[in-house]
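Step one of this worksheet: look at the structure below.
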Amino acid sequence: MVKNIAVLVSGGGTNLQALINAQQRNELGGGEIRLVLSSRADAYALVRAEKAGIPGCVISRKEYADTAAFNDAILNRLQQAEIDLVVLAGFMSILSGRLLQVYRNRIINVHPSLIPAFCGDGYYGLRVHQAALDYGVKVTGATVHFVNEITDGGRIILQKAVEVLPDDTPETLQRRVMEQAEWKILPMAVSLICQGKIDENGRVSK
Ligand code: GAR
């Protein structure tokens, strides 16, 4: 069964690119990226979508009166495109309301740490890696998880550990976590879900 996938982005879109590359190698478990939805008009991720021939659209929080209206606009766009699976790949707005109910267990997110470390409100992008360096952890990584009402609190699907090196800056650590973890486990999780191999608790079935 082919699953229609939407990827939600806000920035550079390297995780989107990893998904596009996996799709081109037929490694998304039958899933097809049908829509790239950005919260920012200037996100480079939209250029990546265009180059790959995937429809893109912009839904920006500041164009809506409140978060409910913003979330409903996203929900409408997803339903219009008959999306089955929503992938947050560097999407910097928090989803809430009816959207989360309608797409329960069908929204996943990639987070650049080993949850439950360095996650929750305020932990995004380089801030996550700065926090890991400040704490002095020797190992960090990335997590793919289901999205629910708790920021970064949904059931965990996949994780991968990455070594922290003595001279790391937030930027070098971010790059290593992306290369060694995010760009691998995100396409892998999408593929497993599209093949029906992940249950609602995030467990991988045979
Ligand atoms: C990625 O590192 C992703 O894990 C992180 O933002 C970056 C987006 O990069 N997401 C979060 O911090 C969410 N809490 P990309 O646009 O190049 O994929």
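The values are calculated or read from the model by the stated rules, or taken from the named source; none is laboratory data. The structure presented is a predicted model; accordingly, all values stated were derived computationally and were not measured. FYI the Cβ positions are ideal-geometry reconstructions off the backbone, even for glycines, and counts take in every protein chain you see. All accessible areas refer to the heavy atoms of the entire protein, side chains included, with ligands and DNA or RNA removed. Shrake-Rupley method; radii C 1.70, N 1.55, O 1.52, S 1.80 Å.
Can you give the Rg to Rh ratio for the chain, taking only C-alpha atoms and Rh from Kirkwood?
Using Cα coordinates only, the ratio equals 0.95.
What does the charge count around Gly122 come to, taking other residues whose C-beta lies under 15 Å from its C-beta (Lys +1, Arg +1, Asp -1, Glu -1)?
Net of charged neighbours comes to -2.
Residue by residue through the stretch 86-101, what is 3J(HN,Hα) from phi via Karplus (6.51 cos²θ - 1.76 cosθ + 1.60, θ = phi - 60°)? Round to whole Hz and write x for glycine and proline.
Along the stretch 86-101, the couplings run 10, 10, 8, 10, x, 8, 9, 10, 8, 7, 7, x, 4, 3, 5, 6 Hz.
Rank Val87, Val110, Val137 by mean-square fluctuation in a GNM of the chain with C-alpha springs under 10 angstrom and give only the top-ranked residue.
Val137
Give the carbon-plus-sulfur fraction of the accessible surface of the stretch 115-206 in %, rounded to a whole number; probe 1.4 Å, heavy atoms of protein chains only.
That share works out to 52 percent.
May I ask for the percentage of alpha-carbon pairs in the stretch 139-179 that lie more than 12 Å from each other?
The calculated P(r) of the stretch 139-179 puts 62 percent of pairs beyond 12 Å.
What ³J(HN,Hα) values, in whole Hz, does the Karplus curve 6.51 cos²θ - 1.76 cosθ + 1.60 give for the stretch 70-83 when θ = phi - 60°, with x put for Gly and Pro?
Computed from phi, the couplings for the stretch 70-83 are 4, 5, 5, 5, 5, 4, 4, 5, 5, 5, 4, 8, 6, 7 Hz.
Give the relative contact order (percent, whole number) for the stretch 1-113; include only Cα pairs under 8 Å separated by 6+ residues.
32 percent
Per-residue accessible area for Glu63 at 1.4 Å probe radius, Å² rounded to 10?
For Glu63, solvent-accessible area is about 130 Å².
Roll a 1.4 Å probe over the protein chains and send me the accessible area per residue for the chain in Å².
Heavy-atom accessible area per residue stands at 49 Å².
Run the reach check for Lys160 against lysines, Cα to Cα strictly under 26 Å, same-chain hits fewer than 8 apart removed. What comes back?
Lys3, Lys138, Lys184, Lys197, Lys206
Quick query: amide H of Ile157 versus all other amide H atoms, modeled in the peptide plane; which residues come in under 5 Å with a sequence gap of 5 or more or a different chain?
Val144, His145, Phe146
Please report the orientation-averaged projected area of the stretch 102-206, defined via the convex hull of its C-alpha atoms, in nm².
If you wrap the Cα atoms of the stretch 102-206 in a convex hull and average its projections, you get 6.5 nm².
Rounded to the nearest angstrom and ordered from largest down, what semi-axes does the equivalent ellipsoid of the stretch 73-138 get from its C-alpha gyration tensor (root of 5λ)?
Working through the eigenvalues yields semi-axes of 30, 10, 10 Å.
Zone of Met92 (label point 7 Å along Cα→Cβ, backbone N under 13 Å): which residues in the stretch 1-42?
Under 13 Å, as judged by backbone N against the label point of Met92, lie 9-13, 39-42 of the stretch 1-42.
Whenever you get a sec, line up Thr140, Thr172 from highest to lowest accessible area (probe 1.4 Å, protein heavy atoms).
Of Thr140, Thr172, the descending order of accessible area is Thr172, Thr140.
Could you list which residues have their amide H under 5 Å from that of Val58, counting only those 5 or more apart in sequence or on another chain, with H placed in the peptide plane?
When sequence neighbours closer than 5 places are left aside, the close amide H contacts are Ser38.
In terms of modelled amide H atoms, which long-range or inter-chain residues lie less than 5 Å from the amide H of Gly141?
Leu114, Val162
With the Cα gyration tensor of the stretch 1-87 giving a ≥ b ≥ c as the square roots of its eigenvalues, does the rule (a/c under 1.5 for rounded; else a/b larger than b/c for prolate; else oblate) give rounded, prolate or oblate?
Here the stretch 1-87 falls in the oblate category.
Mind giving me the FRET efficiency for Ala117 and Asp199? R0 is 22 Å, r the Cβ-Cβ distance, nearest 0.05 is fine.
For Ala117 and Asp199, the calculated efficiency is 0.35.
Mean residue ellipticity at 222 nm from the helices of the chain, using -39,500 (n - 2.57) per DSSP H segment of n ≥ 4 over the full residue count, to the nearest 500 deg cm²/dmol?
So the calculated ellipticity at 222 nm is -9500 deg cm²/dmol.
Given the protein chains as shown and a 1.4 Å probe, how many square angstrom of Ile185 are accessible, to the nearest 10?
Using a 1.4 Å probe on the heavy atoms, I get roughly 10 Å².
What list of ³J(HN,Hα) values in whole Hz, one per residue of the stretch 3-19 in order, does the Karplus curve 6.51 cos²θ - 1.76 cosθ + 1.60 (θ = phi - 60°) give from phi, with Gly and Pro shown as x?
Values, residue by residue: 9, 7, 10, 10, 10, 9, 9, 9, x, x, x, 5, 5, 4, 4, 4, 5 Hz.
Which whole-number percent is the relative contact order of the chain (Cα, under 8 Å, 6+ apart)?
Normalised by residue count, the contact order of the chain is 22 percent.
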